[in-house]
Structure formats: C-alpha cells, structure tokens
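> Can you keep this structure in mind? I'll have questions shortly.
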Amino acid sequence: MFKKILIANRGEIALRIIRACHEMGIQTVVVHSTADANAMAVRLADESVCIGPPAARDSYLNIPAILSAAALTGADAIHPGYGFLSENEQFAQMVEEHGFAFIGPTAEHISIMGDKVSAKQTVQRLGLPVVPGSDGAVPNAQAGLKIAKDMGFPVLIKAASGGGGKGIQVVQQASEFEELFNRARSEAKANFGDDTVYIEKYLQRPRHIEIQIFGDTHGNAIHLGERDCSIQRRRQKLVEEGPSPIIDAKARDKIGSLAADTVRKLGYRGAGTIEFLYEDGKFYFMEMNTRIQVEHPVTEMITGIDLIAEQIRIAAGQKLTLNKDHIKFRGHAIEIRINAEDPQTFIPSPGKITQFHAPGGLGVRFDSAIYTGYSIPPHYDSMVGKLIVHGRTREECINRLRRAIRETVVDGIKTTLPLHDWILQQPDFLSGNYTINWLEEQLKTRG
Ligand code: MV4
C-alpha cells in the first residue's frame, strides 16, 4: 500500500482525499497555488507545496510543477481529484512514466473516453445501448444531411472532443443543416482544436442518470447503483439524488450489470461513471467520465462504501473488496451543490465568509473547505460546498435536507441555498417528475 499520496487538487475534494488517506494510515501532500495558501487542505495535509500563482494553468494544471512536488516529497502516488488534470491523458501517462502510481484509469482509457466518437463506438461494441445517430464522425454537411434525413429531425451535431455540453448544435430542419454543421465544426476547431463532429437523434425530454462503476486490475468490475442528475442549469448539476425516483430494482440491476460488464470487458481500472440519457423507459449511453465525480457522496451515503478508499486500494493493485452480494442500497440520499452565486441572477458572489456554521444531525454531511474568515478566491469554480443528506425514504431525506438548509449559516457572501430550498418544495420535484429541462423551464416562470 502507498505510504504517501500527493493530491493534485484543491477545495473540498482535496479535503475528501486527505480524510480517506488519513483513515488508511497514508501520509498526504497537497499542492496549492499562492491564492490557496490559507486553504483548509493545506492545514490538514501532512505536507504542502506551493506550485505557482493563482491562475490554474500556472498551478493546478502545471504538470512539471506537480511532478516535481511529488518527487521532492517522496510521494508514491498522485490523486488528481476531479476537474483540472483528472482526465488529462498526458498527465496520467507522465505520472506513471515518472514512477508514481496514478490513482485513476490508464491513459489509454482516458483517451478512448475523452473522444466522444471513440467512446460511443467502444461501448456500443461492448453491448451498451447508445443514442441513434451517425456511425462515427461525419466528414461533411452532405453526408450529415443524409444521415439526419434518414433519422428524422430534430438532430444534434456534437463535437467529438466536446464535453460537459460545449460543442453542441440543435438542428430542427433540413434547411438549416448545412449552416449549423459548418458552425459546429468551426466552433469545435476553435474550442477544442479538433473539428471532428458526429450526429445524434435529439432526445428532447430525457433525464440524466449515471451509473457508478469500479474496475480493478484483476479482471473484476462492479456497479454501485445510479445517481439522477437531471436537476441542472446550463449543464451545471445543482441537485443529485440516489436512487433515481423513477428507476426500480429490476431496471437498476439490468443497466447496472450492463455497465459493469462493459468496464469488465474493457479491463477498466478504477472509478468511473457511465452517463445515460433516459427517456420513455430506455437508457442511451451519453458519455463515460474517467474520474471520481463531485456527486460521489450520494453513492457513499446509500452504500456505506468509501469510494476514495476503493480508488486508492485499486491503484495499489488490490482486488475489489466488494462484490454484488456485499453491495446493499439502503435508503435515499440527495446532494445539493452550494455555489457562491446570487440565487436569483447566478452572478458570482466571491468574498469573505464572515460567519460559517455547518448543519448536523443524523444523516447530514457537509463536504466543504470553507471556514469563518475564509475568502473565496475568484480564480476557480464557485462551489462553496456540498450538503448531502441521507434518509430511510425519499420523503424523510427531503424533509431532513430542508431542515439542514435552514440550519446552515454562510454569511458575507450570497449562495444558492435559497434556490435549493425553493426546488425542494416544488411539486414536480417532490413527485420525482422532472427532466433535464425542468429547472430552466421553472426559472423562466419563477422570475
Ligand atoms: C444530448 C441531449 C439530448 N439528446 N444528446 C449535454 C452535455 C453532454 N453531456 C451531452 N448533453 C446532451 N446530449 C442527445 N442525443 C441533451 C444533452 C443535454 C444534457 C444532458 C444531460 C444533462 C444536462 C443536459 C443539458 C443540456 C443538454
């Protein structure tokens, strides 16, 4: 097992990894920018190394500085967290070339899943259901128009190197296809340096349901159930819950087993999330994320499993300690992402937190790196923390979450807590009857 792990990340996920390491008796090194010198992770890690100025490209994305920090501190392994370099195949490659273990999948699998065309072709070949569309990349508008006409409009034109929602054009009718096809390609070239695009049938009222999977280096793979992440605004998740209110045990076992079989055939190592669009009772593969996700605590609360510890054990070459018989899904969990933004306008609200009080009680977890007197730096994402609540039933979970929201104090900045309290009272949310479009449609009428 590793003696020392370097955490190449910041904020709440850096704390989360430190906690798992310390419970496993593993020393921790955290890297930080000059803007994060007073961060909680720097205080709680056993060692810290300043790797550069605030800008991410000069610090948390600075591969030579991170590798040097690992060498200087004698780290055995590097955990990338999420975001930053967590899905950067060059980083994964260089970490291992420099003699450190990368706590994540192989560079090859990061590369396959990072290209949305190869990802889709790979999982389709391995048996996952995919959205109907082109067979791979579409070379020109003429070929694309034929595919779209055969499929029926509306269709989406997607960038192969896109992700998280960038590089998507909706085409409602044939007359606008050529212009939008060419626009999609030029935007993909400008944003990702790659103008490869593909076409899919546009699913207009889907849910976003993702399956947590793990694979080890001994040919084993499991799934740990689903998370429903449909409550989102501008492709930023706000509320995630497990189990999904509209998935029953039979459907869960079917899609979960398919996902586990797929990663087993792939020989996938580590934690991963297979994202599906779900519409009219059918799952369609959307993307695979080759990292631990922000919303992993939802799965931890309903299974009781420490996903970061599992990541570390697998990276150290241990077998998956869990199999289908050990994994029990218990109760319901909901996570809300609390951002330093105006709850009405979503305008960022950085600044000093003059008073912070975290909620508590049975089934209440607050994952955050803020403290009274902490100033939210403007250089990184605006997430202040995650409030995750567990209950025996969805109703108990929602009631407990609303109580915990009312108990939370974050003074000195605006946060999205009032928006979350509003969401949790909406009839469509309470009935579980929502799609990926629901929140934006509500916000239009809420005013
Ligand atoms: C789609 C889709 C509908 N139909 N593909 C958005 C980001 C990237 N993950 C792919 N996305 C979508 N792909 C087809 N064929 C709708 C979306 C989408 C979306 C998906 C999940 C969660 C939130 C979303 C918000 C807008 C669009």
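Taken together, the values in this text are just the output of simple stated rules run on the coordinates, not laboratory data. What you see is a predicted model; the values in this text were computed from it and never measured. Here the Cβ positions follow ideal geometry from the backbone for every residue, glycine too, while neighbour counts run over all protein chains shown.
> Which of rounded, prolate, oblate describes the range 186-253, given a ≥ b ≥ c as roots of the alpha-carbon gyration tensor eigenvalues and a/c under 1.5 marking rounded, otherwise prolate only if a/b is larger than b/c?
Because a/c hits 1.5 or more and a/b fails to exceed b/c, the range 186-253 counts as oblate.
> Taking the alpha-carbon distance from LYS254 and a cut-off under 23 Å, which lysines remain once sequence neighbours fewer than 8 residues away in the same chain are dropped?
Output for LYS254: LYS120, LYS265, LYS282, LYS324, LYS328.
> I've got another one for you. If a/c stays under 1.5 just call it rounded; otherwise compare a/b with b/c (prolate if a/b is bigger, oblate if not). Do that for the range 207-446, with a ≥ b ≥ c from the square roots of the Cα gyration tensor eigenvalues.
Here the range 207-446 falls in the prolate category.
> Going highest first, how would you order 55-68, 218-231 by mean Cβ packing within 10 Å?
Averaged packing, sorted descending, gives the order 218-231, 55-68.
> Counting other C-beta atoms within 10 Å, which of HIS208, HIS296 has the fewest, and how do the rest follow?
The most exposed by this proxy come first: HIS208, HIS296.
> Which of the peptides 242-255, 75-88 is most tightly packed, and how do the rest follow, going by the mean number of other Cβ atoms within 10 Å of each residue?
75-88, 242-255
> Based only on other Cβ atoms within 10 Å, what is the fewest-to-most ordering of TRP438, TRP422?
Lowest to highest Cβ neighbour count: TRP422, TRP438.
> To the nearest 500 deg cm²/dmol, what mean residue ellipticity at 222 nm is calculated for the chain from DSSP H runs of n ≥ 4 alone, each contributing -39,500 (n - 2.57), summed and divided by the residues?
Calculated from helices alone, the mean residue ellipticity at 222 nm is -10000 deg cm²/dmol.
> Assuming a ≥ b ≥ c are the square roots of the Cα gyration tensor eigenvalues, decide whether the chain counts as rounded (a/c under 1.5), prolate (otherwise, with a/b larger than b/c) or oblate.
Judged from the Cα gyration tensor, the chain comes out rounded (a/c under 1.5).
> Taking the Cβ of GLY412 as the centre, find all other residues whose Cβ is under 15 Å away and add up their charges (Lys, Arg: +1; Asp, Glu: -1).
So the surrounding residues net to -1.
> Only Lys, Arg, Asp and Glu count, each charged at its Cβ (+1, +1, -1, -1), so figure out the dipole size of the range 268-331 about its Cα centre, rounded to 20 debye.
That gives the range 268-331 a dipole magnitude of about 360 debye.
> What's the center-to-center distance, using Cα atoms, between the range 230-307 and the range 30-97 in Å?
Measuring centre to centre over Cα atoms gives 28 Å.
> Just to be sure I understand: with springs between alpha-carbon atoms less than 10 Å apart, which residue in ARG125, ARG291, ARG313 has the highest mean-square fluctuation in the Gaussian network model of the chain?
Per the Cα network of the chain with a 10 Å cutoff, ARG125 tops the list.
> Same structure, new question: Please list, in chain and number order, the residues 5+ apart from GLY162 or on another chain whose amide H is under 5 Å from its amide H, with Hs placed from the backbone.
Correct list: LYS116.
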